[in-house]
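The values are calculated or read from the model by the stated rules, or taken from the named source; none is laboratory data. Everything numeric in this text was worked out from a predicted model, so none of it was measured. Here the Cβ positions follow ideal geometry from the backbone for every residue, glycine too, while neighbour counts run over all protein chains shown. With ligands, DNA and RNA removed, areas are computed over all heavy atoms of the protein, side chains included. Shrake-Rupley method; radii C 1.70, N 1.55, O 1.52, S 1.80 Å.
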Amino acid sequence: MESSDEENQLPFPPNPNNATNTEEQEQEQNDDVEEEEEEEEEEDSNSPLSKLRQQRFNLETLSRRLSSELVPIRVHDVFVNGNTKTKDWIIEAELKGIENVTTVQELLHASEIALASLQSLGIFESTKVRLEPGPPELPNTANVVVDVVEVVNRVSGEFGVFTKPGTSSWTAEGTLKYKNFLGYGDLWDASVAYGANQATELSVGVYAPRLKGSLTPLVARLSMLSQDWQEFSSYKERMLGLSLGLISTKHHDLAYTLGWRTLTDPSQMSSMSIRRQLGHGLLSSLKYTYKVDRRNSPIRPTKGYAFLSTTQLGGLTPDHRSLRFLRQEFDIRYAVPLGFYNTALNLGISAGAVFPWGHGFMDKTSPLPERFYLGGDFSPVCTLGGPMTLWGFKTRGLGPTEPRRQSRDGTLDEQDDSSRRDYVGGDLAVTAFADLSFDLPIRWLREHGIHGHVFAGAGNTAKLTQNEYKHFSPRKFLDSFRTSVGCGFVIPTRLLRLEGNFYYILKQDEHDRGKTGFRFSFSAPS
């Protein structure tokens, strides 16, 4: 046992410094571990996932702050990148609202409006707005950076079908456009239009949304129009003209037109009133339009109202061939929802008058193309443009008429009575209508917007010039109103309103061209 105890004893006593060295080694190991953990944390903080978490945290913090308080900010500068053709001031003009903001909330709202305005120019593929910190010495400031990508293909084409309120006719129009030719956001176009009554129009135009120092866009168009009215009024119209837009805003429009108009009678069968106005005339007119349309849809309005006022003054040149006249039109529409089956009642009334002016105007007559001609299968529900249409009556199918002259052999054309008379138009016109639209009981039809309607319309026109006003009687004018009723279905499309209607003529004059029966028609919003 003694030998074993001796064997178990240490050969020398323990060194007291060994314990201290061991503790120091353990401490150094712990420090190394902490440094490694800190390095790992630093590496984690620089990782993409950590950056994403930090950005998400900052975004949530900013979102909570924006929702709870107004965050002050001031725009220090605005920079535009990416525009190689478009002038800087064209883009900066659409960013005017951004420079005056005082809070982040206002800046975000103004940026949305600016982006929408830039996209509406039609010359950019994409637009983006970025915010960058302002100079460090200016707290609560930011720089706005606008990145734009201009369109690569500046040439485009369009095709559409339109209604022309002034002539109560439709046109199919093809247009070729070239964008941003001069770098002013300008749009150049050339168009060809062909429509009813052999109407042909060739035109070229330019639209510049904003010139430097101007608050309104520049709109100019050179056109050549040819219109054949021999079937209704025994004359052809040709006009070469230039129109210039002076003011164009949301509700107001002011335009000047200068044109050379020629009226001819190839058949040499026109009535006395038509023959007196054949030849050349100079059109120099200023036209002002005020329009408000609060309806929820131009194709099938179910609530809201619309108002249109048009004033045209002709004869602004001293030339004796200048056509001197004053033309005024009013249009009112009102849609009332009835609350079942998407039913709505549309009511409307239109009125217009035209008078000559100048020395001896009481004995003069109003220009032939500026008069009011009623008729045409266009829906007054979606068409704004003064008194022009009446259900069930053909184009220029009612109003004052005069007999055409005899043919060379001394006889009249042996056709129906209406073809032997010229519709000479009126100086005063009034139309009114009521249209009740409703959903059909078939689900597929409702999903595609196809609906039914019943309607009633009335209207009349009369001459007032050449002392005819002396024989005018309001009571007689109202008693001679033409009226019609009907029902049908409506197929709305993106461009127009197609209708299949049955018309029933309640009242018409001896020489009117109204007809009871079923007909198809289409109308485009105006």
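With no solvent and one equal point scatterer per Cα, compute the Debye intensity ratio I(q)/I(0) for region 295-434 at 0.09, 0.11, 0.13 Å⁻¹ and report its log10, rounded to two decimals. Values returned for q = 0.09, 0.11, 0.13 Å⁻¹ are -0.40, -0.56, -0.72.
Take 387-400, 293-306, 222-235 and order them by the average number of nearby Cβ atoms within 10 Å per residue, most first; the result is 387-400, 222-235, 293-306. Give me, ordered by chain and number, the residues 5 or more places off SER526 or on other chains with an amide H under 5 Å from its own placed amide H. Amide H to amide H, under 5 Å and 5 or more residues apart or across chains, SER526 pairs with LEU384.
Taking the Cα atoms of region 75-175, the ratio Rg/Rh between the radius of gyration and the Kirkwood radius comes to 1.19.
Packing, as the average of other Cβ atoms within 10 Å across residues, places the peptides 354-363, 327-336, 78-87 in the order 327-336, 78-87, 354-363, highest first.
Any number yet on Rg/Rh for region 245-337, C-alpha, Kirkwood? Show your work: numbers first, answer last.
Numbers: Rg = 18.5 Å, Rh = 16.1 Å.
That ratio equals 1.15.
Computed from the C-beta positions of PHE159 and LEU445 and an R0 of 41 Å, the FRET efficiency is 0.90 to the nearest 0.05. Principal axis analysis of the Cα atoms in region 318-392 yields extents of 60, 21, 19 Å, listed in decreasing size. Computed with a 1.4 Å probe over protein heavy atoms only, the accessible surface of region 339-411 comes to 40 Å² per residue.
Distances between every pair of Cα atoms in region 388-526, grouped in 10 Å steps from 0 to the bin holding the largest one, split as 11, 32, 29, 18, 8, 2, 0 percent.
For TRP229, the residues 5 or more places off, or on other chains, whose built amide H falls under 5 Å of its own are TYR235, LYS236, GLU237. For region 225-299, the Cα-based Rg and Dmax, in that order, read 17.2, 49 Å.
Over all distinct Cα pairs, what is the inverse of the mean 1/r for region 416-474, reported as the Kirkwood hydrodynamic radius in Å? Please list the in-between numbers first.
On the way: mean 1/r = 0.0643 Å⁻¹.
That comes to 15.6 Å for region 416-474.
When ligands, DNA and RNA are left out and all protein chains stay put, how many square angstrom of accessible area per residue does region 50-128 have with a 1.4 Å probe?
Details: 5100 Å² over 79 residues.
Accessible area per residue, region 50-128: 65 Å².
Where the alpha-carbon atoms of region 177-292 are placed on the principal axes, they occupy 54, 27, 26 Å, in descending order. Rounded to 0.05, the FRET efficiency of the ASP293 and ARG130 pair, given R0 = 41 Å and the Cβ-Cβ distance, is 0.65. Projected label points at TRP357 and PHE489, each 7 Å from Cα along the beta carbon direction, are separated by 5.1 nanometres. Applying the Kirkwood pairwise sum to the alpha-carbon positions of region 448-526 produces a hydrodynamic radius of 15.0 angstrom.
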